[in-house]
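Each remark here refers to the structure printed beneath this line.
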Amino acid sequence: MITIPLSKLQSAATLKAAGYYDACIAAGTVVGNNLQLTEDAFAALRAQFSPPPLTSQIKSATGAVVAECGAALSGEAAVDDTTKAARLNTCEGCEFFIVADRRCQKCGCWMELKTAFRTATCPEGKWPVDTVPSA
């Protein structure tokens, strides 16, 4: 059994994706000022609220950089500040946005960078590639 003080959980929840606190409470039992979780429940929460494995992130980032370089070399217009800001605003309101390091829980990308890539898309389809203005 894992015991987590509710105050620590509340603090940690501010740095996680939306729904983290409620999911933790639902997965465990509140006893006094603590949350008790089984090892399995804790592992499931960790899997649910963590970015993808590092190997997947590296593969995704490599593909994105290659695609972005190809787009730049072929003369595609860069993402303008308005489009980047709109994408980032969408991310910041998303349930998969990890506030602490400004990353997406689904793809693991750092959103300040990804939103500027002309070939990038949201893994949940919230801002498709066609939001980039044509040249």
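The values are calculated or read from the model by the stated rules, or taken from the named source; none is laboratory data. Note that the structure is a prediction, hence the values are computed from the model and not measured. Positions of Cβ are generated from backbone atoms using ideal geometry, with glycine treated the same way; all protein chains shown enter the neighbour counts.
When the criteria are applied in full, L88 meets the requirement of being modelled with pLDDT of 90 or more, within 30 Å of S11 (Cβ to Cβ), within 14 Å of the chain's Cα centre (by Cα) and of a type in the set (A, V, I, L, M, F, W, C). Within segment 21-40, being under 18 Å from F96 (Cα atoms) and loosely packed, with under 11 Cβ neighbours inside 10 Å holds for one residue alone: D22. A single member of A18, A43 is surrounded by fewer than 16 Cβ atoms within 10 Å (Cβ to Cβ) and either assigned to a helix (DSSP H, G or I) or within 17 Å of the chain's Cα centre (by Cα) (or both), and it is A43. Among the candidates K8, K59, the residue that is outside any loop (DSSP other than H, G, I, E, B) and more than 18 Å from the chain's Cα centre (by Cα) is uniquely K8. Step by step: first the residues of segment 71-128, then only those that are in a loop (DSSP other than H, G, I, E, B), touching a strand residue (DSSP E or B) at 6+ places or on another chain (Cβ under 8 Å) and of a type outside the set (A, V, I, L, M, F, W, C), then the one that is surrounded by the most Cβ atoms within 10 Å (Cβ to Cβ). Which residue is that? The qualifying residue surrounded by the most Cβ atoms within 10 Å (Cβ to Cβ) is Q105.
Across segment 76-114, the qualifying residues are those that are among the polar types (S, T, N, Q) and in contact with a helix residue (DSSP H, G or I) (Cβ under 9 Å, 6 or more places away or on another chain), and the one among them that is farthest from S60 (Cα to Cα) is T83. Each residue in segment 46-70 was checked for being free of Cβ contacts under 8 Å to residues at least 12 places away in the same chain and either surrounded by 14 or more Cβ atoms within 10 Å (Cβ to Cβ) or farther than 22 Å from L15 by Cα (or both), and 8 of them qualify.
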